[in-house]
Amino acid sequence: MAAAARAAEIIRAGAANRASLTWENKSRADFVSDVDRASEAAIADVVRARHPDAKLLAEEGSPVMEDRSGLVFVADPLDGTTNFLHGFPWYAVSIAALVDDEIVAGAILNPANGELFTATKGGGARLAGQRIAVSTIDDPLRALIGTGMPFKGGPDVDEYLRMLRPIMEQTAGIRRPGAAALDFADVACGRFEGFWELSLAPWDIAAGVLLVREAGGIVTGVAGEPVRVTHTGIVMGNPRMHAWLLERVRQDQQ
């Protein structure tokens with residue numbers, strides 16, 4: 001929480017001077033700015049000060065880590081960079097703590113509106129300190145489903161579009177806000193009944209996986225397999241809607 005709060009201060013200051021920021025392309029439609037880097041540096045400073053023996057797996061400076069033994073922090077210093085650069089107020093800092101590759105704590109903070117989601121293994125999920133739970137809606141026709149589009153193009157686009165039509169036709173609606181960590185948070189607090197995305201990174205999912213699980217939801221890969229903190233596809237939701245959504249996603253792959 002302390003690291004997320006420090007990073008959020010930097011992001012809010014950057015948002016106030018957005019017109020002067022320099023964009024860089026990591027790949028097609030995948031941007032990074034000085035704010036991303038400064039946010040990650042702030043997170044690293046807090047981690048080093050409080051846990052000098054811990055490791056940090058983070059999107060910008062240390063995205064690869066073979067040895068995940070002991071205490072590892074997994075951080076996305078600015079999830080939703082494209083939203084941030086356009087002034088669309090839906091982006092987050094996401095930080096999780098892993099012990100021997102098991103997620104034990106997580107925090108997701110939206111600097112634009114101040115919403116702070118937290119979870120601890122076995123301790124539940126919270127928004128602003130108050131317990132939260134996944135939605136109880138189990139009728140797909142009343143369900144709001146979140147998704148993440150394959151914005152970099154490639155073969156995932158056709159696969160995704162095949163999935164999209166039946167899910168659109170059988171639910172109350174689909175939303176694509178553009179910040180995966182907040183999509184997990186929206187499932188955890190019942191704003192979305194489910195969510196799926198075909199390709200996410202460890203820092204996108206680490207805190208959110210624990211948040212959804214501790215709120216009573218289910219998170220799996222797109223084939224229904226258990227999820228590890230790695231590059232993977234995701235299907236999640238409340239228990240009834242997860243099963244329904246997973247069936248639709250898997251139908252496309254069969």
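Read-outs throughout are calculated quantities, based only on the coordinates presented, and are distinct from any laboratory measurement. Being a predicted model, the structure only gives us computed values, none of them experimental. We place every Cβ from the backbone using ideal geometry, glycine too, and count neighbours over all the protein chains shown.
Taking H placed 1.01 Å from N in the peptide plane, check which residues at least 5 places from Leu57 or on another chain put their amide H under 5 Å from its amide H.
Amide H neighbours of Leu57, under 5 Å, 5+ apart: Phe73, Val74, Ala75.
By how many degrees, between 0 and 90 and to the nearest 10, does the Cα long axis of helix 202-214 differ from the longest principal axis of the chain?
For 202-214 against the chain, the angle is about 60 degrees.
Please turn the phi angles of segment 97-108 into ³J(HN,Hα) values with the Karplus equation 6.51 cos²θ - 1.76 cosθ + 1.60 (θ = phi - 60°), one per residue in order, whole Hz, x for glycine and proline.
So the Karplus estimates, Gly and Pro as x, are 10, 10, 10, 6, 6, 10, 6, 10, 7, x, 9, 10 Hz.
Just to be sure I understand: with springs between alpha-carbon atoms less than 10 Å apart, which residue in Arg191, Arg142, Arg213 has the highest mean-square fluctuation in the Gaussian network model of the chain?
Residue with maximal mean-square fluctuation among Arg191, Arg142, Arg213: Arg142.
Percent of Cα-Cα pairs per 5 Å bin, from 0 to the last occupied bin, for segment 2-131, please list those.
2, 11, 20, 22, 19, 14, 8, 3, 0
Measuring from a point 7 Å past the Cα of Asp67 along Cα-to-C-beta, which residues in segment 35-61 have an amide N at less than 14 Å?
Answer for this model: 53-56.
Output the 0 to 90 degree angle, nearest 10, between the alpha-carbon long axis of helix 2-16 and the longest principal axis computed from the alpha carbons of the chain.
90 degrees
For the chain, what is the mean residue ellipticity at 222 nm derived from helices alone (per DSSP H run of n ≥ 4: -39500 (n - 2.57); sum divided by total residues; nearest 500 deg cm²/dmol)?
-11000 deg cm²/dmol
What is the Cα centroid distance between segment 109-127 and segment 130-151, reported in whole angstrom?
17 Å
How large are Rg and Dmax for segment 140-253 when only the alpha carbon atoms are used, in Å?
12.4, 34
By per-residue mean of other Cβ atoms within 10 Å, what is the highest-first order of 81-93, 59-71?
Working: 81-93: 19.8, 59-71: 13.2.
Per-residue Cβ counts within 10 Å, averaged per peptide and sorted highest first, yield 81-93, 59-71.
Apply the Karplus curve 6.51 cos²θ - 1.76 cosθ + 1.60, θ = phi - 60°, to the phi angles in segment 121-131 and return the couplings in whole Hz, x for Gly and Pro.
Running phi through 6.51 cos²θ - 1.76 cosθ + 1.60 with θ = phi - 60° gives 4, x, x, x, 10, 9, 10, 6, x, 9, 4 Hz.
Name the residues whose placed amide hydrogens come within less than 5 Å of the amide hydrogen of Gly190, ignoring near sequence neighbours (fewer than 5 apart) on the same chain.
So Gly190 has HN proximity to Ser135.
What label, among (i) -0.28; (ii) -0.40; (iii) -0.45, belongs to log10 I(q)/I(0) by the Debye sum over Cα atoms at q = 0.08 Å⁻¹ computed from the structure on display?
Computing log10 I(q)/I(0) by the Debye sum over Cα atoms at q = 0.08 Å⁻¹ and matching it to (i) -0.28; (ii) -0.40; (iii) -0.45 gives (i).
Computed FRET efficiency, Cβ-Cβ of Arg250 and His86, R0 35 Å: what is it to the nearest 0.05?
After rounding to 0.05, the efficiency reads 0.55.
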